[in-house]
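A short worksheet on the structure shown next.
The values are calculated or read from the model by the stated rules, or taken from the named source; none is laboratory data. Quick caveat: nothing in here was measured; it's all calculated off a predicted structure. For neighbour counting, all protein chains shown are included, and Cβ atoms are generated from backbone atoms with ideal geometry for every residue, glycine included. These area figures cover heavy atoms from the full protein model, side chains too; ligands, DNA and RNA do not enter into them. Shrake-Rupley method; radii C 1.70, N 1.55, O 1.52, S 1.80 Å.
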Amino acid sequence: MRLKEEAGMGPFWLILALAAVAVLTTAGRIVGLYTDWLWFREVQFTSVFVTVLLWQVLVGVVTGAAFFLILYGNVTLAWRLPPREVLVAADDALGLPRPEMLEPYLRRLALPSSVVLALIAGWLGTDRWELVLKALNPTPFGIRDPLFAQDVAFYVFELPLWRSVYSWLMGVLILSGLAAIAVYFCVRGIQVSPVAVSISRRARAHLLVLAALLFLLKAAGYRLAMFDLLFSQRGVAFGAGYSDVNAQLPVLKALVVLAGLVALLCLVTIRLRSWRPLLGGVAALAGLAIVGGAAYPALIQRYQVSPNEIVKEKPYIDFNIRYTRLAYGLDNIEEREFPAEQTLTLQDLRKNDATIKNIRLWDTQPLLATYGQLQEIRTYYKFTDIDIDRYTIDGEYRQVTLSPRELSSKDLPSRIWINERLTYTHGYGAVVSPVNRVTREGLPEFWVKDIPPAASTDLRISRPELYFSEVANDYVFARTRAKEFDYPEGNQNVYTTYAGEGGIPLGSFWRKALFAARLGDIKLLLSDDLTPASRVLIYRNIRERVQRIAPFFRYDEDPYMVISAAGRVVWLLDGYTVSDRFPYSAPTRGLGNYVRNAVKVTVDAYDGTVRFYVADPADPLIRTTARIFPGLLRPLDVMPADLRAHIRYPEGLFRIQAGMYAVYHMRDTQVFYNKEDLWSIPIRPVDGQERAMEPYYLILRLPGEPKEEFVLLIPFTPSKKDNLAAWLAARSDPPNYGKLVVYNFPKQKLVYGPRQIEARIDQDSFISQQLSLWSQRGSQVIRGNLLVIPIERSLVYVEPLYIAAEKGRLPELKRVIVAFGDRIAMEETLDGAMARVFGGQPPPAPAAVAPGRPAGAEASVKTLVDSAASALARASEELRRLGELLQRLREAGGRN
């Protein structure tokens, strides 16, 4: 009696504990779902929320129900079958209790255990909603793989789901089989004695049927493995190679047949008394899988392929080249020749005045430090990023640098709750500078600066509040009784009340309670400053905000700000569609082997409004996404024109494409195999370390084009060499947005690369003397990024030099180095250096432009000392050159 009571109470407490956990988890989930729904309603994407939720529930229910039916069905079958035929043995080697004692436990635990495991399986299955929706809405690529003639859509949209279903079924069947075996042991359907293992007839039939299903499923797995050969890394190039096609593939076909035969043997063995045919079939399958799956292809690779690799692998290398170029969009790159002549004149420079005016002299790190010193105004304001863009300023097309003045909550003077959540809620304004203008003190000229924003051009900010930004904290409250800080004005503060539509109204006490639970913030309920009209602004980090709405896109790491025609600050983000299932395409670590910049996203910095626009309507992945979420995406044409004028080719995608093109510009199989024309990104010394050049934006007129445009550029060098081989440009202005052009240099001509130019700069006696002089006086010399600038049919190299006090944090742009052909000059201005190199007269010194703060007498003395030192060094250099010229004249006279 006592045993029966314990048997009844044990499952009861277990079920009660599991029920309590389930209730708490469910309650937390409901709170999260409801607050998420409120947020999706705020951002006007409830259709996305509902679609994802419905399919998560549907897939979870189907997964959990199927799991329950398979597991519980097999467990129930196991404990109900044996009683008619229970084995009896004198000695039980396992020492298990009698079946009559275990039966109550089995009856009471079978159902709740199966339900709990099914709930867990269903919960895990909700993550497969995206796989299911993509498989149900495939978009053809119009490209077929060369091995099985399947459209690429099968591998991108459908194969991942079949792989997932296969793995899930395999796990469920194995778990069900193990559970059935455990039950059979308990009810003596299977019994272990000192001399043998005995199994009842019905238990044997049940387990053999399960084994037959497993082997049939394994046959399907081998069939799926045949498709996976297209992603093999065994050969000389990514994708199925000679040994995969001629050794691995036939073995997999044989394994499909053999696994099916073993499944049939499992069913036949139900009627047979002997296990030997089945064991022989399993041994044969295992042997073929081990020997044929690994050893045989390895032998073929070593003894047939390696001795004559290029001949054997040629067609598969061709496949790799072709499909990689397709997957990364390299097949659309236009190739042109660039002669790299050294005939550039002052007249050519005047024709390209727009290019010269937009050469970027301010690098990111020195400019950030300078902005921080001159324009942060308060300790809690921070400049964290520099954006490069172009605007039409007073009728001129100009390249500018922009940086938003973000509010850093961790730098608040007092980090109490009311300050972080109610008072200091937003950043304020931005600074804008032309990329090549410098004051007399070596500081950037500002076109937009200060608080409130003051503009010296027609570019103005009328709505400077940044409630949504790159470094905004997770949530704040607006329209509260507390004073909301807007900006500082002298010794006073100016306060404001949020007037935007962003945020979720708190409304009733119950909604406040829900958000208190969701945010884990009890002070939300205790604060008297919150009213029913107050709003909670959550997901204020723009990348997190966009990711929350559409997690199925990959987003660029560098959002950039745009000032609209109405003076509002709007963030632009680039979204990518990616896949790792494009046949024969070489993968990129952390990305996959297919990528398109298919989405442009805008986020209003004041009210948080998010809009998604289709940038590449030909991309099959974005077309599938548009069918799954009908209200999510808009045509790019409906983006406001003032924002559309600022879309640019994303640097992240360009960097990936440039890295792939350095290898896959080689389309000849022999050349590709031998890596005869392999390129690399140029290396240059930075702070004593060798680093690859970063792509950079320029306004220039491409050779053969009628006008200047905004382009992203990167040069290439031959592998393990320093001279230039080509340069790649991505065009950002309409109607040529998205087009890539590569300019190849003549192979018989030496074109200096960045490292060679850096070496020539170091070897120039005048420049090295000047650098040494500055360093000896306790200053830190910062060498900026070397820019390779195509002008007409020639290349000009420009490198800025900054000087900062040894312990100071205010870098000043003091010199500009220009190199062309064999000529190098360093002057105080770009125009002066250009004039020295190209033989013109240096322009007059520019008029002083007021910097962010007065230079003071100390700065004036420093400027005079620098000027005197520069003049002395230049005079010494001229005397040296004159002496060399006189020496050569004497030597010539002596020979005559």
Between the alpha-carbon centers of segment 233-295 and segment 752-803, tell me the distance in whole angstrom.
65 Å
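Once whole DSSP H runs in the chain are found, which of them have Cα atoms spread over 24 Å or more along the helix axis and a mean Kyte-Doolittle score of at least 1.6? Working shown, then result.
Numbers: long enough: 2-42 (60 Å, 0.63); 46-80 (49 Å, 1.58); 99-125 (37 Å, 0.79); 159-186 (41 Å, 1.55); 201-228 (40 Å, 0.87); 249-269 (30 Å, 2.51); 309-327 (25 Å, -0.51); 856-895 (59 Å, -0.29).
For the chain, where a helix must reach 24 Å along its axis and average at least 1.6, the hits are 249-269.
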For a distance above 13 Å, tell me the whole-number percent of Cα pairs in segment 732-797 that qualify.
77 percent
Charge tally for neighbours of residue 388 with beta carbon under 13 Å away, counting Lys, Arg as +1 and Asp, Glu as -1, is -3
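Over the chain, with the other protein chains present, what is the accessible area per residue in square angstrom, probe 1.4 angstrom? Can you show the working numbers first?
Working: 41080 Å² over 896 residues.
I get 46 Å² per residue for this part.
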Quick one: net charge of residue 536's neighbours, Cβ under 11 Å, K/R +1, D/E -1?
+4
Could you sort out which of 600/739; 357/739; 720/749; 675/739 sit more than 19 Å apart by Cα distance in this structure?
357/739; 675/739
For residue 793, what accessible surface area do you get with a 1.4 Å probe? Give it in Å², rounded to 10.
120 Å²
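Could you order 405, 511 so the one with the most accessible surface comes first? Probe is 1.4 Å. Before the final figure, lay out each step's value.
Values: 405 0, 511 50 Å².
My answer, sorted largest first, is 511, 405.
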Which value, in debye to the nearest 20, describes the size of the charge dipole of segment 310-430 about its Cα centre when Lys and Arg Cβ atoms bear +1, Asp and Glu Cβ atoms bear -1, and nothing else is charged?
400 debye
With eigenvalues of the C-alpha gyration tensor scaled by 5 and rooted, the chain, Å:
65, 41, 23
So, over other residues within a Cβ distance under 14 Å of residue 34, counting Lys, Arg +1 and Asp, Glu -1, the net charge is +3
Can you find, among 782, 725, 761, the residue farthest towards the positive end of the dipole of segment 687-791? Put +1 on the C-beta of Lys and Arg, -1 on that of Asp and Glu.
725
Quick one: what does P(r) look like for segment 630-740 with 10 Å bins over all Cα pairs, in whole %?
12, 34, 31, 16, 6, 0
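Carbon and sulfur together cover what percent of the accessible area of the chain at a 1.4 Å probe radius?
Carbon and sulfur atoms account for 58 percent of the accessible area of the chain.
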Please report, in debye to the nearest 20, how large the charge dipole of the chain is about its Cα centre when each Lys and Arg carries +1 at its beta carbon and each Asp and Glu carries -1 there.
2720 debye
What is the Cα coordinate range of segment 355-400 on the first, second and third principal axes, sorted by size from largest, in whole angstrom?
36, 20, 14
Output wanted: per-residue J couplings in Hz (rounded whole) for segment 579-589, from phi through Karplus 6.51 cos²θ - 1.76 cosθ + 1.60, θ = phi - 60°, x for Gly and Pro.
8, 10, 10, 8, x, 6, 8, 5, x, 10, 4
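Note down the Stokes-Einstein diffusion coefficient of segment 499-552 in µm²/s, whole number, using a Kirkwood radius over alpha carbon pairs, 4 °C, and 1.567 mPa s. Could the numbers behind the result be given before it?
Working: Rh = 12.3 Å.
Stokes-Einstein gives a translational diffusion coefficient of 105 µm²/s.
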Among 834, 791, 824, the residue whose Cα sits farthest towards the positive end of the charge dipole of segment 782-841 (+1 at Cβ of Lys and Arg, -1 at Cβ of Asp and Glu, taken about the Cα centre) is 824
Taking GluC sites (Glu not before Pro) as exposed when DSSP calls them loop (any state but H, G, I, E, B) and at most 11 other Cβ atoms lie within 10 Å, what is the longest stretch of the chain free of them, the sites themselves excluded?
1-556
